[in-house]
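These notes concern the structure reproduced below.
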Amino acid sequence: MTDTTDSADTPIAAVIFDCDGTLVDSELLNARGVAELFAADHGLDLDAVAIEREFRGGQFEAMIDTLAARHGVTVAGDFTQRYREHMYGLFARALEPMPGVREAIEAIDLPKCVASSGPEKKLAVALETTDLARYFGEFVFSAYTIGVWKPEPDLFLTAAAALGVAPAHCAVIEDSDAGVEAARRAGMRVFGYDPHGAIGNHPDAALTRFSDFHDLPDLLNQKR
């Protein structure tokens with residue numbers, strides 16, 4: 001299933017992948033980790049599925065602040081550190097690459113990188129755990145490195161500059177509204193991995209939706 005809205009015919013010369021929910025099936029695991037720590041610290045019974053839906057693709061600290069204010073609790077100063085350590089254990093036990101993503105990466109004969117809102121160590125753990133790190137080498141970029149998060153375009157622009165490819169010639173692979181908007185602001189074409197219809201309407205974005213990674217190489221080739 002695809003649904004395409006193109007604003008330009010610029011050929012694609014590089015591909016920028018989001019990580020959580022795009023390369024790796026981590027979004028619900030991330031939300032589960034948050035719910036488990038809020039339960040341990042405050043006795044709250046939070047719905048991991050609801051957390052994932054509301055905060056998908058957003059900044060972690062903003063999510064924690066919102067949840068704490070909503071439930072009238074004060075988050076401990078070491079919450080983020082404990083959450084990260086908790087997630088590394090969850091990743092080691094349960095993290096998997098998205099179905100078909102490895103085959104898609106291997107079939108795409110273009111420069112590639114990863115650009116994620118996650119912190120550097122989390123990205124490294126996720127990519128190493130799923131054996132995807134070898135496809136990207138040093139071209140893995142974190143919003144924490146530059147201090148700017150999606151939907152701002154800075155992360156994708158940083159990635160494009162590192163690849164030496166003009167933004168208009170970059171394709172972004174994303175699964176969140178924040179990521180789609182960041183790609184639009186960067187002047188890039190975006191391919192939205194949307195198997196569950198979670199991406200909203202983006203009439204101003206050059207957006208191609210797809211639900212199966214096996215389709216992605218052909219979709220990219222159509223724009224080369």
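Of all the numbered requirements in (1) closer than 14 Å to Thr22 by Cα; (2) open to solvent by less than 20 Å² (accessible area, probe 1.4 Å); (3) more than 16 Å from the chain's Cα centre (by Cα), Val172 misses one, and that requirement is (3).
May I ask you to say which residue of Thr80, Thr10 is of a type outside the set (D, E, K, R), touching a Phe, Trp or Tyr at 6+ places or on another chain (Cβ under 8 Å) and open to solvent by 30 Å² or more (accessible area, probe 1.4 Å)?
On the way: Thr10 fails: touching a Phe, Trp or Tyr at 6+ places or on another chain (Cβ under 8 Å).
The conditions single out Thr80.
Here's the yes/no breakdown for (1) open to solvent by 60 Å² or more (accessible area, probe 1.4 Å); (2) at pLDDT below 95; (3) within 30 Å of Arg224 (Cα to Cα):
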{"residue": "Gly57", "(1), (2), (3)": "no, yes, yes"}
{"residue": "Arg84", "(1), (2), (3)": "no, yes, no"}
{"residue": "Met87", "(1), (2), (3)": "no, yes, no"}
{"residue": "Met98", "(1), (2), (3)": "no, no, yes"}
{"residue": "Asp109", "(1), (2), (3)": "yes, no, yes"}
{"residue": "Cys113", "(1), (2), (3)": "no, no, yes"}
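Scan segment 176-202 for residues that are open to solvent by 40 Å² or more (accessible area, probe 1.4 Å) and part of a loop (DSSP other than H, G, I, E, B) and jot them down. Of everything in segment 176-202, those that are open to solvent by 40 Å² or more (accessible area, probe 1.4 Å) and part of a loop (DSSP other than H, G, I, E, B) turn out to be Gly187, Pro195, His196, Gly197, Ala198, Asn201.
Taking the stated definitions as given, is Phe38 open to solvent by less than 50 Å² (accessible area, probe 1.4 Å), farther than 21 Å from Phe139 by Cα and touching a residue at least 40 places away in the same chain (Cβ under 8 Å)?
Numbers: open to solvent by less than 50 Å² (accessible area, probe 1.4 Å): yes; farther than 21 Å from Phe139 by Cα: yes; touching a residue at least 40 places away in the same chain (Cβ under 8 Å): no.
For Phe38, the condition - open to solvent by less than 50 Å² (accessible area, probe 1.4 Å), farther than 21 Å from Phe139 by Cα and touching a residue at least 40 places away in the same chain (Cβ under 8 Å) - is not met.
Specify which of the listed residues (Phe156, Phe91) is aromatic (Phe, Trp, Tyr), open to solvent by less than 20 Å² (accessible area, probe 1.4 Å) and either part of a loop (DSSP other than H, G, I, E, B) or farther than 23 Å from Ile12 by Cα (or both). Break it down stepwise before answering.
Details: Phe156 fails: either part of a loop (DSSP other than H, G, I, E, B) or farther than 23 Å from Ile12 by Cα (or both).
Every option except Phe91 fails the conditions.
Scanning segment 130-153 for residues that are within 16 Å of Phe17 (Cβ to Cβ) and assigned to a helix (DSSP H, G or I) returns Ala133, Arg134, Tyr135, Ala143. Applying the criterion of being over 18 Å from Ala186 (Cα atoms) and open to solvent by 10 Å² or more (accessible area, probe 1.4 Å) to the residues of segment 13-32, the residue that is modelled with the lowest pLDDT is Glu27.
Put simply, of Val49, Val75 the only residue that is part of a helix (DSSP H, G or I) and surrounded by fewer than 19 Cβ atoms within 10 Å (Cβ to Cβ) is Val49.
Cβ-Cβ contacts under 8 Å between residues 6 or more apart (or on different chains), taken from a first residue in segment 149-172 that is among the β-branched types (Val, Ile, Thr) to a second residue that is open to solvent by 50 Å² or more (accessible area, probe 1.4 Å), are listed as Thr158/Ile146; Val165/Pro111.
From the residues in segment 203-220 that are modelled with pLDDT under 95 and touching a helix residue (DSSP H, G or I) at 6+ places or on another chain (Cβ under 9 Å), which one is most open to solvent (accessible area, probe 1.4 Å)? Lay out the reasoning, then the answer.
Taking segment 203-220 as the starting set, the residues that turn out to be modelled with pLDDT under 95 are 203-206.
Cutting the leftovers down to touching a helix residue (DSSP H, G or I) at 6+ places or on another chain (Cβ under 9 Å) gives us 204-206.
Details: Asp204: 115, Ala205: 3, Ala206: 9 Å².
Result: Asp204.
The values are calculated or read from the model by the stated rules, or taken from the named source; none is laboratory data. Here the structure is a predicted model, which is why all the values come from computation and not from measurement. Because the Cβ atoms are built from the backbone with ideal geometry, glycine has one as well, and the counts that use them run over all protein chains shown. With ligands, DNA and RNA removed, areas are computed over all heavy atoms of the protein, side chains included. Shrake-Rupley method; radii C 1.70, N 1.55, O 1.52, S 1.80 Å.
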